[in-house]
Amino acid sequence: MSLTAIKYDRDMGRWEPNARGRLMQAALELYIERGFEQTTVAEIAKLAGLTERTFFRYFADKREVLFSGAVELQEFLVSTVADAPDSDPPITVIGAAIEAAGVVFQERREISVLRQSVIAANPELQERELIKLASLASAMADALRQRGVNDSGASLSAEAGIAVLKIAFERWINETSPRDLPQLIRELFDEFKVVTGAT
C-alpha cells in the first residue's frame, strides 16, 4: 500500500510545529510496514524525530494514534444534529449529520484507507472501532432526545445512521475507483428509506 501522502522531514527537531501530525504519520507508516503489535512507541517517536515523552503528550498509548479523532468526530456529529432545523424528522437529521461527516472523511481518504487496513488486521483494534461506533450512535441518540425525540425513535435513528456510515465507508475504501463518500451516504440513506417504507 502506498504511503505517498505521508511526507515529513525526519531531521526536524522536536520544537518544530505539528508534532502530533508527524507522530500520526510515523505510526501509520510503521503499522503498515511492521504491523501494529510489532511497533513500539519508541520507534514511532524516533521515526517522527521526537521523543517518547512528546508522544505521550499527545497520545495515551499507540492505539490512540488510530482513534484520537473520535472525540472531535462525536462533537461534530452532535453539534450537526443539534443545529438541524426543528421541522426535520430524526432520520433526516441523522442522515445530514452522517453526510457532513462524510465530507470530512472524503478529504482524508488515503489516511482513512491506511488506518482501516491497520484496524482490519488486528482483532483488538476492530473491537475498539466497534466501541467507537457505538459511542457515536449513543451520543447522536442523546442529541436527538435533546430535540424532543422519544427514546426508541432516537436510538433507532442513530443506530441506523451508524449502520449506513459503516456500510458506506467500507464500500468507499474498498472501491478501486471510489465514489464521492457524501454521495454514497446519501444513496444508502435513500435505499434505507425505501426498504423501511419511509419514502
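The values are calculated or read from the model by the stated rules, or taken from the named source; none is laboratory data. If you're wondering where the values come from, they're calculated on a predicted model, not measured in any experiment. Please note: Cβ atoms are built from the backbone with ideal geometry, for glycine as well, and neighbour counts cover all protein chains shown.
Take Val164 and decide whether it is buried (at least 21 other Cβ atoms within 10 Å of the Cβ), of a type outside the set (Lys, Arg), modelled with pLDDT of 95 or more and within 16 Å of the chain's Cα centre (by Cα). Here the answer is yes, as Val164 does meet what is asked.
Kindly check whether there is at least one residue in region 169-184 that is more than 21 Å from Val81 (Cα to Cα) and buried (at least 17 other Cβ atoms within 10 Å of the Cβ).
Yes, region 169-184 contains a residue that is more than 21 Å from Val81 (Cα to Cα) and buried (at least 17 other Cβ atoms within 10 Å of the Cβ).
Residue pairs whose Cβ atoms lie under 6 Å apart, sitting 6 or more positions apart in sequence or on different chains, and linking a residue in region 130-158 that is within 24 Å of Asp190 (Cα to Cα) and free of Cβ contacts under 8 Å to residues at least 60 places away in the same chain to a partner that is of a type in the set (A, V, I, L, M, F, W, C) and in a helix (DSSP H, G or I), are Leu133/Ile162; Ala137/Ala158; Ala137/Ile162; Ala141/Ala154; Ala141/Ala158; Arg145/Ala154; Ser155/Ala141.
Each row is one residue, and each column tells you yes or no for (1) within 19 Å of Glu75 (Cβ to Cβ); (2) among the small types (Gly, Ala, Ser).
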site	(1), (2)
Gly102	yes, yes
Arg109	no, no
Leu114	no, no
Glu124	no, no
Gly148	no, yes
Ser155	no, yes
Gly161	yes, yes
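Go through (1) acidic (Asp, Glu); (2) over 18 Å from the mean Cα position of the chain (by Cα); (3) at pLDDT 95 or above and name the single condition Asp86 misses. The number of the failed condition is (3). The set of residues in region 139-156 being surrounded by 14 or more Cβ atoms within 10 Å (Cβ to Cβ) and closer than 14 Å to Ala82 by Cα consists of Ala139, Met140, Ala141, Asp142, Ala143, Leu144, Arg145, Arg147, Val149, Ala154. Taking the listed residues Leu47, Leu77, Leu30, Leu23, the one that is buried (at least 17 other Cβ atoms within 10 Å of the Cβ), under 18 Å from Val104 (Cα atoms), at pLDDT 95 or above and of a type outside the set (S, T, N, Q) is Leu77, with no other qualifying.
In the list Val104, Val118, which residue meets the criterion of being surrounded by 14 or more Cβ atoms within 10 Å (Cβ to Cβ), under 24 Å from Leu23 (Cβ atoms) and free of Cβ contacts under 8 Å to residues at least 40 places away in the same chain? Criteria check complete, one pass: Val104.
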